[in-house]
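Each remark here refers to the structure printed beneath this line.
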Amino acid sequence: FQKHEFFVDMTCEGCSNAVTRVLHKLGGVSFDIDLPNKKVYIDSEHSIDTLLETLKKTGKNASYLGEKSA
């Protein structure tokens, strides 16, 4: 899988929990959340659009930053 890097405007543990919740619901993803830097790294075969739409379900501002090199 390609690892994708997203910005999500998370300010607290509750925000990162919301991200975890929507990504688990989507399924087929493995991810790391970097709360201090407001980044989410996702390994998935879902499209970037699908991942972005899913992250936006948290109600947070989210954007795609690009592919993360291994």
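Here are the numbers for the structure shown:
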{"item": "All positions within segment 48-70 that are at pLDDT 95 or above and open to solvent by 60 Å² or more (accessible area, probe 1.4 Å)", "result": "ASP49, GLU53, LYS56, LYS57, GLY59, LYS60, ASN61, TYR64, LEU65"}
{"item": "The listed residue being part of a helix (DSSP H, G or I), over 15 Å from LYS3 (Cα atoms) and among the aliphatic types (A, V, I, L, M), out of LEU51, LEU55", "result": "LEU55"}
{"item": "Which listed residue, of LEU35, LEU65, is farther than 10 Å from PHE6 by Cα and among the hydrophobic types (A, V, I, L, M, F, W, C)", "result": "LEU35"}
{"item": "Hits in segment 1-32 (condition: of a type in the set (A, V, I, L, M) and part of a helix (DSSP H, G or I))", "result": "ALA18, VAL19, VAL22, LEU23, LEU26"}
{"item": "Options VAL22, VAL8, VAL40, VAL29: the member that is touching a Cys at 6+ places or on another chain (Cβ under 8 Å) and hydrophobic (A, V, I, L, M, F, W, C)", "result": "VAL8"}
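The values are calculated or read from the model by the stated rules, or taken from the named source; none is laboratory data. Here the structure is a predicted model, which is why all the values come from computation and not from measurement. Virtual Cβ from ideal backbone geometry, glycine too; neighbours counted across all protein chains shown. When the accessible area is computed, the model is the full protein with side chains, heavy atoms only, and any ligands, DNA or RNA have been set aside. Shrake-Rupley method; radii C 1.70, N 1.55, O 1.52, S 1.80 Å.
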